[in-house]
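**Q** Take this structure, written in structure tokens, and hold onto it; I'll ask about it next.
The values are calculated or read from the model by the stated rules, or taken from the named source; none is laboratory data. These numbers come from a predicted model, not from an experiment. Positions of Cβ are generated from backbone atoms using ideal geometry, with glycine treated the same way; all protein chains shown enter the neighbour counts. Keep in mind that these areas ignore ligands, DNA and RNA; they rest on the heavy atoms of the full protein, side chains included. Shrake-Rupley method; radii C 1.70, N 1.55, O 1.52, S 1.80 Å.
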Amino acid sequence: MTDAHDKLLIVDFGSQVTQLIARRVREAGVYCEIVPFQKADEAFRALKPKAVILSGGPASVPDEGSPRAPDIVFQSGVPVLGICYGQMTMAAQLGGKVESGHHREFGRAEVEALASSPLFEGCWAPGESHVVWMSHGDRITALPPGFARIGVSPNAPFAVIADEKRRYYGLMFHPEVVHTPDGAKLIDNFVHGVAGLKRDWTMAAFRREAHEAIRAEVGKSRVICGLSGGVDSSVAAVLIHEAIGDQLTCVFVDHGLMRANEGVEVVRLFRDHFNIPLVHVEAAPEFLGALAGVSDPETKRKTIGRLFIETFDREAAKIASDGRGPVEFLAQGTLYPDVIESVSFTGGPSVTIKSHHNVGGLPERMKMRLVEPLRELFKDEVRALGVELGLPPAFVGRHPFPGPGLAIRIPGEITPEKLDILRKADAIYLEEIRAAGLYDQIWQAFAVLLPVRTVGVMGDGRTYDHVCALRAVTSSDGMTADFFPFDMAFLGRAATRIINEVKGINRVVYDVTSKPPGTIEWE
């Protein structure tokens, strides 16, 4: 990312929805980065942001040792927006008083605007009440010098505070979640109306800058890109190919854990549509052999990750044997959420969540370096970049498919029989979703073969077969989710087809798990 863009820094105090703040800022056309509070001083000096947002978090400001924003944030003169915990620590650090033990408030609430403000421009007027999403246990009991309250709720006398002269604002609620209907507009007002940042973060601009960055990073070196069949690695491959041409070779490892017809579609797209050099590695026997008898999900992931690395190593050596020089870089579709999690508190959840990835570096035994051209982007930005690059809409809009593939959708031991059963059930499920015109309304849908067998009656005979679970979620950002509300007629059709057409399944259930407004792993 070049210095031409205005930048905003988000100081993360551990909120589960900090990434949503970044999404709202990016949606407002402004480049931003998230850093944990422990590294915020260093990041501020390096990034030179023109505005700062302080996130929420689980700590209590009055507790000894609770986190604080670095002093440089308030000494710099840049506008600051504090959200929830960020509001509390800002108030405490600037001379106000914060106490715990008051009325806790979690969930929906109404805030009344008390005054006009650039923060409220175009959405809130004095005297109006608006729905917000609260999540706090502390409360400001005395404002810092220079601040005034400009919004109240029945349980939060300082729901919105402002020092208009210094351009400091604090919100006790979370504007970043969809449960605060006007939240995106409030954030837009802060970054543009208050901070005056340019609306210049676009995928067209990113594409141009990424070409320069890729060329500068790899020079004349050769690169292989590991294709998984998903959108992220595909977009990365097309972007890199635009930048360096035939220095790139794509390697698609068909590990036997793909969805129905997945391999055919990937090969056709890259060989026929983009004419990018592609090596198609038939590795199913190796992967399935190594996974035989393995039930622990973490062992599965690490086994698959290890085999990917070994396969890429072998293929790089084969490619280099043509005499045009060694392969020095491995490209992968790492996204910004992977990066955030890998540097967050106590090592980040990606230590366990994304153990099949290589976020942050490759094993020492590899003689290649990583190139990750998408590491600044969120999922929806990658899709927008895919459209900008000319990938077919049907491919860009495909539901996410993780690297471990069907291995993580078969709890317990993986066998060729189970893979065949799941692949057929999953294909029928997606076929019914497309036939109903619902595919683009759903973020991700897939079938899971549960480690349960039930007794049933089919026709005049008794069966003892597998249970298939169907999952479908909606999302506006790829980080929060709710189950998709299929009607019973659709579920009946899909279940009937799966039971009738897939030998080995005699029961189908629908998973209605929701995770708003928390984060979710799309696997």
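**Q** Being assigned to a loop (DSSP other than H, G, I, E, B) and either without any contact (Cβ under 8 Å) to a residue 60 or more places away in the chain or surrounded by 14 or more Cβ atoms within 10 Å (Cβ to Cβ) (or both) narrows it down to one residue among Gly82, Gly56, Gly107; which is it? First the steps, then the outcome.
**A** Details: Gly82 fails: assigned to a loop (DSSP other than H, G, I, E, B); Gly107 fails: assigned to a loop (DSSP other than H, G, I, E, B).
Only one candidate passes the filter, namely Gly56.
**Q** Take Glu242 and decide whether it is under 25 Å from Ala292 (Cβ atoms) and either surrounded by fewer than 24 Cβ atoms within 10 Å (Cβ to Cβ) or not charged (D, E, K, R) (or both).
**A** no
**Q** Suppose the filter is outside any helix (DSSP H, G or I), out of contact with any Leu (no Cβ under 6 Å at 6 or more places or on another chain) and hydrophobic (A, V, I, L, M, F, W, C); does Val152 pass it?
**A** Values: outside any helix (DSSP H, G or I): yes; out of contact with any Leu (no Cβ under 6 Å at 6 or more places or on another chain): yes; hydrophobic (A, V, I, L, M, F, W, C): yes.
Here the answer is yes, as Val152 does meet what is asked.
**Q** Output the residue which, of all residues in the range 18-33 that are surrounded by 23 or more Cβ atoms within 10 Å (Cβ to Cβ) and hydrophobic (A, V, I, L, M, F, W, C), is farthest from the chain's Cα centre (by Cα). Step through it out loud before you land on a result.
**A** Initially, the range 18-33 is screened for residues surrounded by 23 or more Cβ atoms within 10 Å (Cβ to Cβ), giving 18-25, 30-32.
In the following step, the residues that additionally are hydrophobic (A, V, I, L, M, F, W, C) were identified as 20-22, 25, 30, 32.
Details: Leu20: 9, Ile21: 12, Ala22: 11, Val25: 15, Val30: 18, Cys32: 15 Å.
Here the answer is Val30.
Residues checked against (1) under 27 Å from the mean Cα position of the chain (by Cα); (2) surrounded by 18 or more Cβ atoms within 10 Å (Cβ to Cβ); (3) among the basic types (Lys, Arg); (4) at pLDDT below 90:
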| position | (1), (2), (3), (4) |
| --- | --- |
| Gly390 | yes, no, no, no |
| Glu417 | no, no, no, no |
| Val448 | yes, yes, no, no |
| Val457 | no, no, no, yes |
| Gly461 | no, no, no, yes |
| Ala469 | yes, yes, no, no |
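**Q** Residue under question is Arg139, and the condition is that it be of a type in the set (Lys, Arg), touching a residue at least 12 places away in the same chain (Cβ under 8 Å) and closer than 18 Å to Gly57 by Cα; does it hold?
**A** yes
**Q** Next question. Considering Pro62, Pro67, which residue is in contact (Cβ under 8 Å) with a residue 40 or more places away in the chain, within 24 Å of Arg23 (Cα to Cα) and either part of a loop (DSSP other than H, G, I, E, B) or open to solvent by less than 20 Å² (accessible area, probe 1.4 Å) (or both)? First the steps, then the outcome.
**A** Numbers: Pro62 fails: within 24 Å of Arg23 (Cα to Cα).
Answer to the check: Pro67.
**Q** Please verify whether the range 196-207 includes one or more residues that are among the acidic types (Asp, Glu) and farther than 17 Å from Leu385 by Cα. Don't jump to the end; show me each part of the working.
**A** We begin by selecting, within the range 196-207, every residue among the acidic types (Asp, Glu); these are 200.
If we keep only those that are farther than 17 Å from Leu385 by Cα as well, we get none.
Looking for residues that are among the acidic types (Asp, Glu) and farther than 17 Å from Leu385 by Cα, one finds none in the range 196-207, hence no.
**Q** Does the range 6-17 contain any residue that is surrounded by 24 or more Cβ atoms within 10 Å (Cβ to Cβ), at pLDDT 95 or above, touching a strand residue (DSSP E or B) at 6+ places or on another chain (Cβ under 9 Å) and part of a helix (DSSP H, G or I)?
**A** Scanning the range 6-17, I find no residue that is surrounded by 24 or more Cβ atoms within 10 Å (Cβ to Cβ), at pLDDT 95 or above, touching a strand residue (DSSP E or B) at 6+ places or on another chain (Cβ under 9 Å) and part of a helix (DSSP H, G or I), so the answer is no.
**Q** Only one of Arg207, Arg215, Arg199, Arg222 is in contact with a Phe, Trp or Tyr (Cβ under 9 Å, 6 or more places away or on another chain), among the basic types (Lys, Arg) and open to solvent by 10 Å² or more (accessible area, probe 1.4 Å). Can you tell me which?
**A** Arg222
**Q** A follow-up question, please. What number goes with the only condition from (1) more than 20 Å from Thr334 (Cα to Cα); (2) in contact with a Leu (Cβ under 9 Å, 6 or more places away or on another chain); (3) at pLDDT 95 or above that Pro285 does not pass?
**A** Result: Pro285 fails condition (2) only.
**Q** Within the range 498-513, work out how many residues are hydroxyl-bearing (Ser, Thr, Tyr) and in a loop (DSSP other than H, G, I, E, B).
**A** Number satisfying all stated conditions: 1.
For every residue, the table says whether it meets (1) within 28 Å of the chain's Cα centre (by Cα); (2) open to solvent by less than 10 Å² (accessible area, probe 1.4 Å); (3) closer than 26 Å to Thr415 by Cα.
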position	(1), (2), (3)
Phe252	yes, yes, yes
Phe274	yes, no, no
Glu282	no, no, yes
Glu286	no, no, yes
Val294	no, no, yes
Pro297	yes, no, yes
Thr303	yes, no, yes
Glu310	yes, no, yes
Glu315	no, no, no
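**Q** Confirm whether Glu42 is among the acidic types (Asp, Glu) and assigned to a strand (DSSP E or B).
**A** Numbers: among the acidic types (Asp, Glu): yes; assigned to a strand (DSSP E or B): no.
For Glu42, the condition - among the acidic types (Asp, Glu) and assigned to a strand (DSSP E or B) - is not met.
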